[in-house]
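The values are calculated or read from the model by the stated rules, or taken from the named source; none is laboratory data. In this text the structure is predicted, and so the values were computed from the model without any measurement. We place every Cβ from the backbone using ideal geometry, glycine too, and count neighbours over all the protein chains shown.
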Amino acid sequence: MKIPEQGYLLRIYVGESSQWQGKPLYEAIVLRAREMHLAGATVLRGPMGFGANSRVHTAKILRLSEDLPIVIDIVDSREKIDAFLPDVDEMVMEGLITVESVRVFKYRSSKTP
Amino acid sequence: MKIPEQGYLLRIYVGESSQWQGKPLYEAIVLRAREMHLAGATVLRGPMGFGANSRVHTAKILRLSEDLPIVIDIVDSREKIDAFLPDVDEMVMEGLITVESVRVFKYRSSKTP
Amino acid sequence: MKIPEQGYLLRIYVGESSQWQGKPLYEAIVLRAREMHLAGATVLRGPMGFGANSRVHTAKILRLSEDLPIVIDIVDSREKIDAFLPDVDEMVMEGLITVESVRVFKYRSSKTP
């Protein structure tokens, strides 16, 4: 059985409609993560949520689903996550970012060169 | 770059079909979280899962997908999460709730009053 | 209010198209988790991601969505998770597994025998 490494889970909560330089913000973050050679990124989209700017719309229930929530999970070493955080900080105007330490087991197909 | 705050991630695993006072439980939890002025809530819906009551149905594979799993992520300060937990405890009859500490970076649009 | 137990969150990131003995890997993992009497498993499917084998395809954006990401969350006691890890280790050829400790509140319907 594999030996785990100590790593970080970076989780980014943004709205699906948020943009970065003309493209969806979540897509821009995933592409940046790949450019930075992070181990992986996973985008999840939720059917409901509220976030940074929701308090001013408390009476409008429909407001909740206008901008569907996106969660991006990125797991890598502490060093790689720390190096990536300033990029995320620059790109996210509205949202929430969490970082926590996790034990990581990495698997890579032997078919991959 | 922003300074992180110490916060809590509250994660609630329930079934999509669970109800609370005539509405979907997950929706009721999100609305309650907003009433309590929590920083945000994100609902994710999964295509497969099993939970609290699945052991008695181990032979019926289809049972797995009858009640699709819902995950609700709520991130805020320890104080806000601790104050919200009794509400969640009251509303969830069947499911799983986890709490863990995370470092939190919050972003709020300057367009928001 | 319930007393939390100390538990583990096992999170498994794999591709939707990965197979195990002729069935989807994520499905095989969920069924194995149920056979092992774990408390629950939740599958989430994302609209975008990249993982273990993506670095060799950095120029092909479309590659990102060919094999959609799957996240499986499994929460249980440290003992149950530790006992399940070798199974997961055997089944996952390509992907990422994380383990972290969480406080767990379990709810079970009184209607369940």
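For beta carbons closer than 7 Å, sequence separation of 6+ or different chains, a first residue in the range A:14-37 that is over 24 Å from B:ALA39 (Cα atoms) and a second that is surrounded by 12 or more Cβ atoms within 10 Å (Cβ to Cβ) and polar (S, T, N, Q), the qualifying pairs are A:ARG34/C:SER54; A:ARG34/C:THR58. Considering each residue of the range A:58-68 in turn, at least one proves to be aliphatic (A, V, I, L, M), closer than 18 Å to A:LYS23 by Cα and at pLDDT below 95. Can you find a residue in the range A:20-28 that is hydroxyl-bearing (Ser, Thr, Tyr) and part of a loop (DSSP other than H, G, I, E, B)? Looking for residues that are hydroxyl-bearing (Ser, Thr, Tyr) and part of a loop (DSSP other than H, G, I, E, B), one finds none in the range A:20-28, hence no.
Selection over the range A:67-90 of residues that are aliphatic (A, V, I, L, M), in contact with a helix residue (DSSP H, G or I) (Cβ under 6 Å, 6 or more places away or on another chain) and surrounded by fewer than 22 Cβ atoms within 10 Å (Cβ to Cβ) gives a count of 0.
Could you tell me whether C:VAL104 is buried (at least 20 other Cβ atoms within 10 Å of the Cβ), away from chain A (no Cβ under 14 Å) and either at pLDDT 90 or above or not in a strand (DSSP E or B) (or both)? Spelling it out, C:VAL104 is indeed buried (at least 20 other Cβ atoms within 10 Å of the Cβ), away from chain A (no Cβ under 14 Å) and either at pLDDT 90 or above or not in a strand (DSSP E or B) (or both).
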